[in-house]
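Following: one structure in C-alpha cells, then a few remarks.
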Amino acid sequence: MSEIFSPISVPMAKPAQAASEGAITRGVLIGIAVTFLALFLVLPLFAVFTQALSKGIAAFLDAFREPDAWSAIRLTLTVAAIAVPFNVVLGLAASWAIAKFEFPGKALLITLIDLPFSVSPVVSGLIYVLLFGSQGLFGTWLIDHGIQILFALPGIVLATVFVTFPFVARELIPLMQEQGTAEEEAALTLGASGLHVFRTVTLPNIRWGLLYSVLLCNARAMGEFGAVSVVSGHIRGLTNTIPLHVEILYNEYNFVAAFAVASLLAVLALITLVLKSVLEWRFAGELAHGRAH
Amino acid sequence: MVETPRPRWTFRRPSVIPGFGISFGYTLTCLGLIVLLPLAGLVVKASGLGLSGIWNVATDPRVASALRISFGVSAVAALVASTFGFLVAWVLTRYRFPGRKLVDAAVDLPFALPTAVAGIALASLYAPDGLLGAPLARLGIQAAYTPVGIFIAMVFIGLPFAVRTVQPLIAEIDKEIEEASATLGATRIITLTKVVLPPLIPAVLTGFALAFARGVGEYGSIIFIAGNLPYVSEIAPLLIVIKLSEFDYGGAAAIATIMLGISFLTLLAINLIQAWSRRRFGYV
C-alpha cells in the first residue's frame, strides 16, 4: 500500500520546472534581451559621452565658454520653470475634479487631456504657427498690436506646455481615483475647511506620485525638440533652447561642442531615470498602479 | 407616508467635497485654450483647402513618398520593437538575474533622453565610420542617410512602449494555469503558444500601435541619422517643417491633417482591440 502512495513512484516533472524554460533557454533569452538593449538603448547614451570627450576635457569645456550655450541653458531653465509649475496646477485641478466627483463625460475629458500624447511634436508646434504666425489666424492682429508670440518665449512656452500637458494629470488621476474620497469626507465632517483638507489630507497622499510626474514632465519640458524647433525661429542667443543649440552645433560640424552640450541633457536624463527608479522601488504603493507611461 | 422628493438633476452627483467648480472650470479653460482651440485651428485651416486640396497635397510625389516612408518604416520598426519588446518584458518579469533592475530601468531611457540627443548619438554611431556603422558597412549595409537609419531610430523610441504595455500583463499571469497545462502533459512550447500567449496578444497589439504612432510622428531622433534626401529618406514631419519654412501653411496643415487622420485611426484600432480584449478575456 505504502508503495503506491509514495511520491517517488510517480515519475513526473516538478510543476515548477515544467512551467518554465530550461536553464539554457533562459540564459539564451536573457542574453538576447540584454544584448539588444545594450546595442539599441545604452550604446547611444554611451556615445554621447565618448564623443563629447573625444578631444579631451579642454575641448569639452570650450563648448561652455560660448555665451550662446549659456543663453540656451538659461532659456531652457526659464521655459521649464514656467511649464512645470503650470502642469502641476493643472494636474492637481484636473485630478481633483475627475477623481473626487462624479459627472457625465468624464472618460471624454480624460481622453482629451491625453490628446497631446498622440500628436506629433512637429504638429504640436505647427498648430501655434497656424494661429500666431504672420499668415496665421491672429497673425495680423498680433503684428498690429506689437505682440510677439512666435519666435519668442511665449511661443516656446506654449509649445512646451502643449507637449507636456498630460504628464502630471495622467499620473494623479488614477492615483486619486484609487484613494477615493473617504479620508477627505471624514476630515470635512470633522470641520476642516476645503483648503485645509487638500493641504493636510490629499497632498500628503499623492506627494510621491506628484514628484514622479514632475520628474518626467521636467525631463520632457527641458528636452523637447520638435515642437519647440517649429515655433522658436532658431535665433542664436535668443530663442535657442539647449536641444536647438545642440542641433545648430551639430549641423555646423562642431561635433565635440554639440555632444558636450548634449551631455548636459544626457546627465539630466540619467538623473531622471535614477530618481524615477528609486521612487518605483521605494514607493510603488504610493504611485498610480499600472501606469501605461 | 411622506414621499421623498425626487432630487433635482445636477451636472455632477452631490458631494460634501468642495472645489468642483473651480477645478473643473480651470481644467476646461486650460484644455480649451492650449489644446483644443489650436487643434481646431489646424482643422479649420485644412478644411479651407477642401478634400480635393488635401488630396492634391497627399498625391504630390514628394509628399506621397515622405508619407510612405514614415508609415512604412514605422510599421516595420514597430513590428521589430514589439517582438523584441515582448522578449525583454518576458525576461524582465519571469527570470531573475544579476542587474535585472538596472536593465529594467534602462528600458525607459528613450522616454528620458531628449530626442535631439538620441538623434545625434545614433547618427554618430551609425555613420559609415561610426562604431556600428563601420561593421555594418563591411556587411554591405549602409545605415545612415537611408531608411535603415530611420528604422533604427524608430525602434529606439518605440521600444519602451512595446515593453511597458506587455510587462504588467506578463506579471499578472497565473502560474497555476501553466502548471496545470504542464501537469496535463503539454510540452513547454505548447503551453506557451496555446495557454500563455493568446491572452497577451491584445497587449502586444496595443504596444505595436503605440510604437507605430510614435514612430510616424517622431522627428528629433530621426532627422540626424536619416540624412533627409527627398524621395529616399525624407519623413513626413520634416516635410511639415520644410513647408512651414517656405510659408506654405496650407501644405503643412494638409500633411499634418493626413498624419492626424491616420494616427486617429490607429488610436481607434487600439480602443477596439482593448474593447475586444475586455469581452474576450475580461481585462485589458
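The values are calculated or read from the model by the stated rules, or taken from the named source; none is laboratory data. Bear in mind the structure is a predicted one, so any value in this text is a computation, not a measurement. Neighbour counts are summed over all protein chains in view; Cβ atoms, including those assigned to glycine, are modelled from backbone coordinates with ideal geometry. Just the protein is used for accessible areas: all its heavy atoms, side chains included, with ligands, DNA and RNA removed. Shrake-Rupley method; radii C 1.70, N 1.55, O 1.52, S 1.80 Å.
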At R0 = 25 Å, FRET efficiency that the Cβ-Cβ distance of B:GLU246 and B:TRP55 yields, to 0.05 = 0.80
State, as an integer percentage, the relative contact order of chain B based on alpha-carbon contacts under 8 Å between residues 6 or more apart.
-> 27 percent
Calculated FRET value between B:ARG280 and B:VAL76, using beta carbons and R₀ = 25 Å, to 0.05 = 0.35
Work out the length of the dipole vector of chain B about its Cα centre, built from +1 on the beta-carbon of each Lys and Arg and -1 on the beta-carbon of each Asp and Glu, and round it to the nearest 20 debye.
-> 680 debye
Please say if segment B:93-185 is rounded, prolate or oblate, where rounded means a/c under 1.5 for a ≥ b ≥ c the square roots of the C-alpha gyration tensor eigenvalues, and otherwise the choice is prolate for a/b larger than b/c and oblate otherwise?
-> prolate
If you take the Cα atoms of chain A, find Rg, then find the Kirkwood Rh from the mean of 1/r over all pairs, what is Rg/Rh?
-> 1.12
Taking segment A:94-235, the equivalent ellipsoid from its C-alpha gyration tensor has semi-axes in Å, biggest first, of 37, 16, 15
Radius of gyration and Dmax for the protein assembly as shown's Cα atoms, expressed in Å?
-> 26.0, 102
What percent does the relative contact order of segment B:178-284 come to when contacts are Cα pairs within less than 8 Å and at least six residues apart?
-> 28 percent
Note: A:126-139 gets an average of partner chain Cβ contacts (10 Å, Cβ to Cβ) equal to 6
Expressed in Å to one decimal, the Kirkwood Rh of chain B from all distinct alpha-carbon pairs is 22.3 Å
What order do A:HIS245, A:HIS196, A:HIS145 take when sorted by accessible area (1.4 Å probe), most exposed first?
-> A:HIS145, A:HIS196, A:HIS245
Along Cα→Cβ, 7 Å out, is where each label goes; now give me the distance between the ones at B:THR187 and A:ALA58 in nm to one decimal.
-> 6.6 nm
Of B:GLY250, B:GLY185, B:GLY50, which has the largest mean-square fluctuation in a 10 Å C-alpha GNM of chain B?
-> B:GLY185
Based on the mean of other Cβ atoms within 10 Å per residue, sort peptides B:85-98, B:135-148 so the most packed one is first.
-> B:85-98, B:135-148
Those GluC sites (Glu not before Pro) in segment B:179-284 that DSSP places in a loop and that have at most 14 other beta carbons within 10 Å = B:GLU246
Whole-number accessible area per residue in Å² for segment B:144-280, which is evaluated in the context of all protein chains at 1.4 Å | 39 Å²
Roughly how many nanometres apart are two label points built 7 Å out from the Cα toward the Cβ at B:ARG138 and A:ILE24?
-> 3.0 nm
For segment B:1-114, rounded, prolate or oblate, judged on the Cα gyration tensor with a ≥ b ≥ c (square roots of eigenvalues), a/c < 1.5 rounded, else prolate if a/b > b/c?
-> oblate
Delta accessible area of at least 50 Å² on complex formation, residues of segment A:219-252, 1.4 Å probe, chain isolated as reference = A:PHE225, A:TYR250
Would you calculate a helix-derived [θ] at 222 nm for chain B, using -39,500 (n - 2.57) for each DSSP H run of n ≥ 4 and dividing by the full residue count, to the nearest 500?
-> -23000 deg cm²/dmol
Under a GNM of chain A (C-alpha, springs under 10 Å), which listed residue has the highest mean-square fluctuation: A:TRP96, A:TRP70, A:TRP141?
-> A:TRP141
Where a label projected 7 Å from the Cα of A:ILE32 along Cα→Cβ would reach, residues of segment B:81-110 with amide N under 16 Å = B:81-95
Integer Hz, Karplus 6.51/-1.76/1.60 couplings in order for segment B:211-226, x for Gly and Pro = 5, 4, 4, 5, x, 4, x, 5, 10, x, 7, 9, 4, 6, 7, 6
Can you tell which of A:ILE235, A:ILE127, A:ILE30 shows the greatest fluctuation in a Gaussian network model of chain A with Cα springs below 10 Å?
-> A:ILE30
How many percent of the accessible area of segment A:158-263 is carbon or sulfur, using a 1.4 Å probe?
-> 61 percent
Using 0.36 nm per residue, how much length does the chain from A:LEU275 to A:THR78 gain when fully extended, once their Cα-Cα distance is taken away?
-> 68.7 nm
Return the whole-Å distance between the Cα centroid of segment A:15-66 and the Cα centroid of segment B:225-281.
-> 30 Å
Rounded to the nearest 10 Å², the 1.4 Å probe accessible area of A:GLU286 is 70 Å²
If you average the sequence gap of Cα pairs under 8 Å that are 6 or more apart and divide by the length of segment B:40-166, what percent do you get for the contact order?
-> 35 percent
For segment A:80-148, what is the Kirkwood estimate of the hydrodynamic radius, computed as the reciprocal of the mean inverse distance between distinct Cα atoms, to one decimal in Å?
-> 14.8 Å
With the 1.4 Å probe rolled over protein heavy atoms, segment B:1-127 has an accessible area per residue in Å² of 50 Å²
Measure off, as a whole percent, the carbon and sulfur share of the 1.4 Å-probe accessible area of segment B:184-284, all protein chains present.
-> 71 percent
Asked for the total accessible area buried by A and B (1.4 Å probe, Å², nearest 100), one would answer 7900 Å²
Mind giving me the nanometre distance, one decimal, between the label points for A:GLU178 and A:LEU39, set 7 Å out from Cα along Cα→Cβ?
-> 3.7 nm
Per residue, how many Å² of accessible area does chain A show with a 1.4 Å probe?
-> 45 Å²
